[in-house]
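Let me begin by presenting the structure, written as structure tokens, before commenting on it.
The values are calculated or read from the model by the stated rules, or taken from the named source; none is laboratory data. Nothing here was measured: the structure is a model prediction, and the numbers come from that model. FYI the Cβ positions are ideal-geometry reconstructions off the backbone, even for glycines, and counts take in every protein chain you see.
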Protein chains: 2
Amino acid sequence: MQSFTEENYLKTIYHLSQVNESPVQTNAIAEKMQTRAASVTDMLKKLFDKQLIDYKKYQGVTLTTHGETVAIGVVRKHRLWEVFLVEKLQFRWDEVHEIAEELEHINSAALVERLDEFLGFPKRDPHGDPIPNRDGIFEPSLNVNLHQIPKGNYAVIIGVSEHSPAFLRHLEKLELTIGVVLELIEITEYDGSVELLVNNKKINISREVAQHILVNRKETV
Amino acid sequence: MQSFTEENYLKTIYHLSQVNESPVQTNAIAEKMQTRAASVTDMLKKLFDKQLIDYKKYQGVTLTTHGETVAIGVVRKHRLWEVFLVEKLQFRWDEVHEIAEELEHINSAALVERLDEFLGFPKRDPHGDPIPNRDGIFEPSLNVNLHQIPKGNYAVIIGVSEHSPAFLRHLEKLELTIGVVLELIEITEYDGSVELLVNNKKINISREVAQHILVNRKETV
DNA sequence: AATAATTTTTAGATTAGACTAAATTTACAA
DNA sequence: TTGTAAATTTAGTCTAATCTAAAAATTATT
């Protein structure tokens, strides 16, 4: 069994090796976890001794199969609890991350499976992130961001790649939430800002925002 | 804010001062928490410094108003989560205590209030224990055990005063669960065992079992 | 009241996780 | 290839929570 803290390290290493590729660097972990590199080194030794990571001094880390299983288990719990909080307890999508950070460490296999069933085996969390099944398998997905859609095309929002409450509330205000269908009218050459048609309204969003909105292209409306 | 561990100490002190009267002794806390008296003394000093308990060396402890508020908050969360696990996730009443021991430390006032609402503001947990409201107020209750009912009388089971899975499964097997109406036929003088009529069946239970079943007397069937 | 038994506290260590400061290794540029 | 900057690790502390063993205080018993 892993401690709360060990689980958080594994989860962070997992996320970092998804975004950039592995091996993951000590400093990257330290920054993400708001701690110091020296603390990370201490923990890496411990995780290595427990065979949860592969680690050579100065060479960064990758998760072992076992370590990845644990990390994906934590991600699964986090995302299922987020669905619970939004679907059952009526929280907004920008409020659930912090609470799920605590709930993800509750330790009961039976609880996770029953929660999954209670929620109807959801495939994605409220931000559109995929939920691994009990075997740790994710449904394949495309991950195209809005900025990559050619003009004149339609798309449906399936997720976001940035989870800060400020960003999520901004999207909410723009009516850019999961499931919304939009038409991409124009990408401004000068600053990369994007003009959209959403709910019959024309709106303009910055390149930064557009790049954090994940979509599926749609052939028709 | 209190740590996980501090919350557990406060909860234990709270429970012990309900059962026997206060002040609560160091050894009693140690036994209940499966730890050593020396560890308890260390923690008592800390809780005293935080003004969560009143404590004089060698004289035992009582909770301060603040400490009691925290303890009741933990009890409230524990019992609400137990209701969730049984009512929504279909756990049995003998399976929920351990999971609730973890969930009770999740830290979000909004979560507790929304969970309470989602569950329909339950007044009692799956073992019949009262759930304090958001202000820490318990609904008054009588707490008569089955052994105190005069023969020939009817009663309805409202709770239990012993929560071990073994005991709960035993009751389940005897069909002695919350809400069940029974008639007390006889209390055997020799060993205090009790003869009951439940669901039209005559059964016999030991004095020990009878004393851990809490009931309300009923005038009629 | 004196002594024995019990309870509680103190003293001193230990472990997990974190920190600072200094040393070391790696990477990169002149 | 040599020197410097950046990244990482080591060494040594710190705090929270625990422990054992010993000392002190309280309670019970003659």
ask   = Can you tell me how many residues in segment B:162-185 are polar (S, T, N, Q) and under 20 Å from B:Lys218 (Cα atoms)?
value = 1
inquiry  = I'd like the residue in segment B:18-47 that is without any contact (Cβ under 8 Å) to a residue 24 or more places away in the chain, closer than 30 Å to B:Ser141 by Cβ and not in a helix (DSSP H, G or I) and, out of all such residues, is nearest to DNA strand D (Cβ to nearest atom).
reply    = B:Gln34
message = Just to be sure before I move on: is B:Glu117 within 24 Å of A:Leu111 (Cβ to Cβ) and within 14 Å of chain A (Cβ to nearest Cβ) in the structure I sent?
response = yes
inquiry  = Please return the ranges of strands (runs of 3 or more DSSP E) entirely within segment A:161-221 where 1 or more residues are free of Cβ contacts under 8 Å to residues at least 60 places away in the same chain and polar (S, T, N, Q).
reply    = A:201-205
ask   = Do we find a residue being in a helix (DSSP H, G or I) and either under 28 Å from A:Arg207 (Cα atoms) or of a type outside the set (Val, Ile, Thr) (or both) anywhere in segment A:137-146?
value = yes
inquiry  = If I ask for residues that are in contact (Cβ under 8 Å) with a residue 40 or more places away in the chain and either exposed (fewer than 13 other Cβ atoms within 10 Å of the Cβ) or under 23 Å from B:Glu87 (Cβ atoms) (or both), which ones from segment B:151-160 would you list?
reply    = B:Val156, B:Ile157, B:Ile158, B:Gly159, B:Val160
query = Applying the selection to segment B:73-112, what residues are surrounded by fewer than 17 Cβ atoms within 10 Å (Cβ to Cβ) and either within 20 Å of A:Glu104 (Cα to Cα) or within 8 Å of chain A (Cβ to nearest Cβ) (or both)?
reply = B:Lys88, B:Gln90, B:Glu98, B:Glu101, B:Asn107, B:Ala109, B:Ala110
ask   = What tally of residues in segment B:52-100 results from selecting those that are part of a loop (DSSP other than H, G, I, E, B), of a type in the set (Phe, Trp, Tyr) and within 16 Å of DNA strand C (Cβ to nearest atom)?
value = 1
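Among the residues of segment B:182-193, is any surrounded by 17 or more Cβ atoms within 10 Å (Cβ to Cβ), within 23 Å of the chain's Cα centre (by Cα) and modelled with pLDDT of 90 or more?
yes
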